[in-house]
Amino acid sequence: MLVWERPEPRNRPVPAPLSRDRIVRAAIRLADADGLDAVSLRKVATALDVRPMRLYGYIDSKEELLDLMVDAAYAEILPVGDDWREVLRSLAESVRHTAHEHEWLADLLGGRPQLGPHALASGERVMAALGELGVDAVMPVTAAVNAYVIGAVRREIAERRAERTTGMDEKRWQASLGPYLRRTIATGRFPALATVVRDAAHLDADDTFRIGLDFLLDGIGARVSK
């Protein structure tokens, strides 16, 4: 029986009351502070001031705990809108915002299907909005948007982590590698790259995400209108 359907143990009169919700919230606090490497059943038990074996009455493994953490994050992903385009944009922006609030989520998105109650509720909102596109379009469209969002979010999170690790923000990185790039472009071997570096608008992460999403949604709209 999956964790979503398995009942919790009955409450017992103990010094440290326990529940799946308390376990998950403790795990999320650890992950928010120090990443997924900081999450283990032993560390969560320590944070809750209970013995690790008590946790096994509520969850069977760390994998179940990770699934519960992802579903708790989905409680913050609430796509809204009056048509399919608004709902997909809301979904994308909500996933991105939640992943920036909980960086560890970027490492878990796109794995196994998320079947927890919050994930299913979020999916139901999206499926209902996409009904106007026709049932055969629902899954490919959703997959395309999810792939775009997950790829963009993982890149952004990777850049944030690299900045923390190296201490180099975008300006320092440009100052460090700029001379090499200028020398390379000056050889004339990369004219298309030179044009982009010299003439293209250099957008921040927010605008890059928004415009890329516009391209994707425009393409979806053009395809389904045929």
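Assorted remarks:
- Residue count for segment 189-226 satisfying the condition of being touching a helix residue (DSSP H, G or I) at 6+ places or on another chain (Cβ under 8 Å) and either on the phi > 0 side of the Ramachandran plot or assigned to a loop (DSSP other than H, G, I, E, B) (or both): 2.
- The single condition among (1) more than 22 Å from Tyr148 (Cα to Cα); (2) assigned to a helix (DSSP H, G or I); (3) out of contact with any Phe, Trp or Tyr (no Cβ under 6 Å at 6 or more places or on another chain); (4) not polar (S, T, N, Q) that Val70 does not satisfy is (1).
- Pairs meeting the criteria (first residue in segment 21-43 and in contact (Cβ under 8 Å) with a residue 24 or more places away in the chain, second residue of a type in the set (Phe, Trp, Tyr) and not in a helix (DSSP H, G or I), beta carbons under 7 Å, at least 6 apart or on different chains) are Ile23/Tyr58; Ala31/Trp104; Gly35/Trp104; Leu36/Trp104.
- Looking across segment 122-140, the residues that are among the small types (Gly, Ala, Ser) and either surrounded by 14 or more Cβ atoms within 10 Å (Cβ to Cβ) or not in a helix (DSSP H, G or I) (or both) come down to Ser122, Gly123, Ala129, Gly134, Ala137.
- Segment 46-93 - residue that is of a type in the set (Asp, Glu), assigned by TED's automatic domain parsing to the domain that holds Asp32 and more than 22 Å from the chain's Cα centre (by Cα) and, of those, surrounded by the fewest Cβ atoms within 10 Å (Cβ to Cβ): Asp49
- The residues in segment 151-188 that are under 30 Å from Gly35 (Cβ atoms), part of a helix (DSSP H, G or I) and either at pLDDT below 85 or among the aliphatic types (A, V, I, L, M) (or both) can be counted, and the count is 17.
The values are calculated or read from the model by the stated rules, or taken from the named source; none is laboratory data. For clarity, every value in this text was computed on a predicted model and none was experimentally measured. Every residue, glycine among them, receives a Cβ derived from its backbone with ideal geometry; neighbour counts consider all protein chains shown.
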